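Nothing in this text is a laboratory measurement; each read-out follows from the coordinates by a stated rule. Here the structure is a predicted model, which is why all the values come from computation and not from measurement. Quick reminder, even Gly has a Cβ in these numbers, built from the backbone with ideal geometry, and neighbours come from all protein chains shown.
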Amino acid sequence: MPKFEKYAQGTPSFVELVTPDQEAAKAFYGPLFGWDLEDVPLGEAGYYVAVSKDGESVAGISGPMPGMEDHPAFWGVYVTVDDVDAATAKVAAAGGRVDAEPFDVMDLGRMAAIADPTGARVNLWQARGTIGTVLANEPGTPIWHELVTPDVGAATAFYAEVLGVSWEAQPMGDGPPYTCLVVDGRQVGGAMPPPMEGIPPYWGVYFAVDDVDATIERATGLGGTVVAPAFDVPGVGRMAVLADPQGGMFNLMAG
């Protein structure tokens, strides 16, 4: 069982769905990925859905932020940092934007919300009570995180400066090379230009599945839609892009 006890700085470490309808999201993702879902009361702020599998933390499902009740659902990515205040202090000088200054999340950790110079948003996470995703890289859990941006060079330079990470080109057969995020000598994520015009910069998540085609069939039966039909990437695996009933886009991957 691929369990994690800690994440090095610069490593994507948690994913969170922000959705206008948490109950609908639970009805979709629970049976789709075999998730266990626990409502955590937040007082007047409603509740948070803790997502687990085999008893280990996988992801989270949050209600909409104030003023964004009609915004389509979206998956957000968290990246681990050793000191969130120190990392956030570097953002503006590196050309990025701070959307939410560092704040404590109960006793679980400390976070900030930022955007890189191309506009892709990401959260920084300094772990305390939880590292984020404990169970990963197996069916129903995150297996890859990817930055989609029209200016890969500017974005990757930003993360290198703020987080101290590195990036390397990964050959992809006859196609252009893929840019991989490297932390402590290990590839932990990627970056690529959008596959078509009109896609805003964002950080996305891939969920591992045993069978992409079967998962697509299950997802559409639950009310999801297919954004990009299943396709094969030589040397990597089979993939697809889906959207949940509230518009939250995510990727599937099977090796």
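For residue 52 and residue 85, what is the calculated FRET efficiency with R₀ set at 35 Å and r taken between the beta-carbons, to the nearest 0.05?
0.75
Straight distance only, please: which lysines reach the Cα of residue 53 with their own Cα at less than 22 Å, same-chain residues fewer than 8 apart left out?
3, 6, 26
Starting at the first residue of the stretch 179-186, write each ³J(HN,Hα) from the Karplus equation 6.51 cos²θ - 1.76 cosθ + 1.60 with θ = phi - 60°, in whole Hz, x for Gly and Pro.
Per-residue couplings from phi come out as 9, 9, 7, 10, 10, 6, x, 10 Hz.
Please express the shape of the stretch 189-238 as an equivalent ellipsoid: the semi-axes are the square roots of 5 times the eigenvalues of the C-alpha gyration tensor, given largest first in whole angstrom.
Whole-Å semi-axes of the equivalent ellipsoid: 21, 16, 11.
If the chain between residue 210 and residue 97 were fully stretched, how many nm would it gain, using 0.36 nm times the residue separation less the Cα-Cα distance?
Gain on extension, residue 210 to residue 97, equals 36.9 nm.
Relative contact order (percent) for the stretch 148-255, with alpha-carbon contacts under 8 angstrom and 6 or more residues of separation?
21 percent.
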